[in-house]
Each structure stands twice: as C-alpha cells, then as structure tokens.
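Notes to accompany the following structure.
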Amino acid sequence: MILSFELSMPGIGSWNGKWSGAGGLYAIVKNLGRSQKAEAKGREIIENGSYAYGWNDGWSARIRVREVDAAEARKIRRASRGFYGYDWMVQLILFYGKIQTGADRVAEEGKS
C-alpha cells in the first residue's frame with residue numbers, strides 16, 4: 001500500500017496573512033508494503049482522511065492522506081517541493097495514528 005501525505009497550512013499566523021509556501025505541493029509518499037498488517041495500518045490512517053496540528057501563534061497545519069498507485073506516487077515525488085520541515089508529523093501519524101507533541105505523549109502516558 002502506498003500513501004501520499006500532503007501538507008497545507010489552513011491557519012496562517014503571519015503578519016500579512018500569507019504562507020510563503022502557498023500554491024506549492026508539499027508531499028511525502030510512503031510505501032507501507034503489501035502485508036496484511038501494512039494494509040490494515042494504511043486503512044486505519046486513511047480512515048481519518050486528514051490530520052491537523054495547531055500552534056499557539058495562530059498557525060495550523062493539515063495533512064491530507066490518501067492511497068495512490070505507483071505511477072501517481074512517482075508523479076507526486078517529482079512534483080513535491082519537500083515537506084517544509086514537517087516530516088516529523090508524518091512519522092507521528094505512522095507511529096501513533098495522530099500528530100502530537102512530546103508533552104502530549106507524556107500526558108497520555110501519565111493517564112494510564
């Protein structure tokens with residue numbers, strides 16, 4: 001299963017209300033593999049459709065996730081302008097199923 005993670009910034013906290021990356025494609029393509037476990041993990045991630053994260057300064061990020069085939073994955077990789085330094089968000093989605101900070105994880109661990 002191949003997933004495309006595409007970044008946008010719906011909440012913009014800049015002085016001029018603009019994001020310097022607006023209009024570009026910021027995407028990461030991940031091949032999860034073909035095992036039943038990988039397929040199940042991919043389906044679970046896709047079920048949410050998109051993931052959001054907000055900062056205290058008014059900025060927020062959204063990552064849209066969708067399944068793609070190999071041909072589309074190649075096109076996305078060529079067209080992508082990177083991931084604007086937010087690769088860590090994709091790693092958290094893959095590992096935890098959501099975007100969270102270290103403080104969020106510590107708080108969750110304290111609840112159990």
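If the Cβ limit is 6 Å and pairs must be 6+ apart or interchain, which residue in region 24-39 that is part of a strand (DSSP E or B) pairs with which residue that is surrounded by fewer than 13 Cβ atoms within 10 Å (Cβ to Cβ)?
Val29/Arg77
Among the residues of region 40-59 satisfying the criterion of being outside any helix (DSSP H, G or I) and among the hydrophobic types (A, V, I, L, M, F, W, C), which is nearest to the chain's Cα centre (by Cα)?
Ala52
Modelled with pLDDT under 95, within 15 Å of the chain's Cα centre (by Cα) and not hydrophobic (A, V, I, L, M, F, W, C): is that true of Ser8 in this structure?
Criteria met by Ser8.
Mind checking whether some residue in region 47-59 is under 20 Å from Ile99 (Cβ atoms), out of contact with any strand residue (DSSP E or B) (no Cβ under 6 Å at 6 or more places or on another chain), surrounded by fewer than 13 Cβ atoms within 10 Å (Cβ to Cβ) and of a type in the set (A, V, I, L, M, F, W, C)?
The answer is yes; a qualifying residue exists.
Go through Ala22, Ala79 for me and flag whichever is modelled with pLDDT of 95 or more and either surrounded by fewer than 16 Cβ atoms within 10 Å (Cβ to Cβ) or over 25 Å from Ile2 (Cα atoms) (or both).
Result of the check over Ala22, Ala79: Ala79.
The values are calculated or read from the model by the stated rules, or taken from the named source; none is laboratory data. Values in this document were obtained by computation on a predicted structure and should not be read as measured data. Cβ sites come from the backbone with ideal geometry, for glycine too, and all protein chains shown count toward neighbours.
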